[in-house]
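The block underneath contains the structure these notes are about, expressed in structure tokens.
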Amino acid sequence: MDAELAGLVGSGATTIVGLMATDLWTQTRDRIGRLFARGADPAAVTADLEASRTELVAARQAGDETAVADVEAEWRSRLRRVLQSDPAAAAELRALLDEVGQGPAEQQGTVVNNTLSGGVVHGTVIMGRDMHGGQVFHAGPGPAAR
């Protein structure tokens, strides 16, 4: 397996298992089941996915990281076999990953800690991401200056 395909397998398995614990799961479960089915019964694969989801949720609630890793390893192995047996599945997986936002960080969220130091801030504090256009806005003086 080449490096690109191996990366896709890893990313795909991580994303699929990550989706199992989100609200997107109900929207993507059947599609993921069809991706894995490839000639088999999609309902059986979907049942396997649901069983893994139940196991994953229980493991996370119990803090059992080994069981969580086992679920991901199982689907990574199955995904590797699918992609090796059907190269067209890679394009389908890439499309799915693009639609759901691809990154596990985007699915699970990112913890950001901000600290204001050096005195009292009397103005607006803005935290943002992906700001473009070089535009800067000034909200004016804070409430203490009015």
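Rule-based calculations on the coordinates, nothing more; no lab input. Remember, it's a predicted structure, so these values are computed and weren't measured experimentally. Cβ placement follows ideal geometry from the backbone for every residue including glycine, while neighbour counts extend to all protein chains displayed.
Quick check: Cα centre of segment 48-106 to Cα centre of segment 8-27, how many Å?
Centre-to-centre distance over Cα atoms comes out at 5 Å.
Once R0 is set to 30 Å, what does the formula 1/(1 + (r/R0)^6) return for the Cβ-Cβ distance between Ala51 and Glu99, expressed as a FRET efficiency to the nearest 0.05?
Working from the Cβ atoms, E equals 0.75.
For the pair Val120 and Leu24, what calculated FRET efficiency results from E = 1/(1 + (r/R0)^6), where r is the Cβ-Cβ distance and R0 = 25 Å, to the nearest 0.05?
0.05
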